[in-house]
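One structure below.
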Amino acid sequence: MTSLTPGSTADPLPLDGLRAADVSLDMQVKKVLAQGIQMRNLRVKLQLRDGDLSVRPLTAGVAKGKIDSQIRLNASQATPQLSIKLSGKKIDIGRLLAELGVTDVIIGTVDTKIDLSGSGTSVRKLMAGLNGKTSIVMGKGRMKSDALDSVVGGAAKVVTQLVFGKKSEYTVVNCFVNQFDMKNGVAKSRNTVFDTEYARIVGTGKINLGTERIAMDVDPQPKSAELNAAAVPLEIRGTLAKPTYALDKAAAVGRIGDIVGALTGKQRAASGGGKAKTGKGISCFQSGGGAKAGATKKEQARPRSSKNLPKDSRDLGKELEKGLKGLFGR
């Protein structure tokens, strides 16, 4: 998500040009290169009359998949109104990132839907007034195991070791779902789940597009009972331009003493009861949330034993204990 720059976003939208002419355009282009992204078989049908701009349809092949969108910007009124509907199917996320100059991070195919509308005289007011829904869904794939390490770093790096381990360069991703409901510019997580071979990560919280402030919590749920006690939620705060990451101190209280024992087998993880967490047999979709993605019920329900963990997983005890103690200056 591109960050908005304070100051410029408060300026009135430059829409006088839309009211100055009427245009009708129906265009088809075999290949287009835009910001490094290759679009094939682009089709654009545009109508502009009295400041009311409609782009319907706008379709193109992108990264082996297809996007189909409709955009309307009505500037015929004192307060411009914007509506965007976009559907992307079977987008090769690895290829798309490669075209953007980011490689070797994630391999998989995603479907996305965006249905947003709002009104405002500036970009900031438009963002602060958006309503609708967004959805991104990915099935089976792979992610570079140290990808989150490079983004998060610091004390929170401990969490990524629980999630990805250090067994191999890539970690199997069963599925990823990121769905938000938008109301008056505030995007609230409806379902955010990232399911890997080692853990299920659940996200909750909201993002205020008007102020660009983030208040998200990420809860890693290891699939090994030995690591359940060591899983500490991560807080994401700050702004879209400068997010901050920190372990949840409240959740960390009381876990320091459990970590070494849980990893060495001296005691069972309190939250796991000796069994792996399976998310009630649902991988990425909440109960009643629609079609399931990724691993089958049989695969999801299969407990992971300690022998399936990365070889150095038991060394996490000392590192976790040291990292959590550091949170409290002890």
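A few comments on the model shown:
- For the residue pairs 64/125; 66/144; 31/188; 30/206; 64/223; 66/140, the C-alpha atoms sit more than 30 angstrom apart in 64/125; 31/188; 30/206; 64/223.
- Put simply, when 34-40, 66-72 are sorted by average Cβ atoms within 10 angstrom per residue, most first, you get 66-72, 34-40.
- Residues 16, 104, 146, ranked from the fewest to the most other C-beta atoms within 10 Å, line up as 16, 104, 146.
Bear in mind that the values in this text are calculations on the coordinates, not laboratory data. Quick caveat, the model's predicted, so the values are computed rather than measured. Positions of Cβ are backbone-derived with ideal geometry, glycine not excepted, and every protein chain shown enters the neighbour counts.
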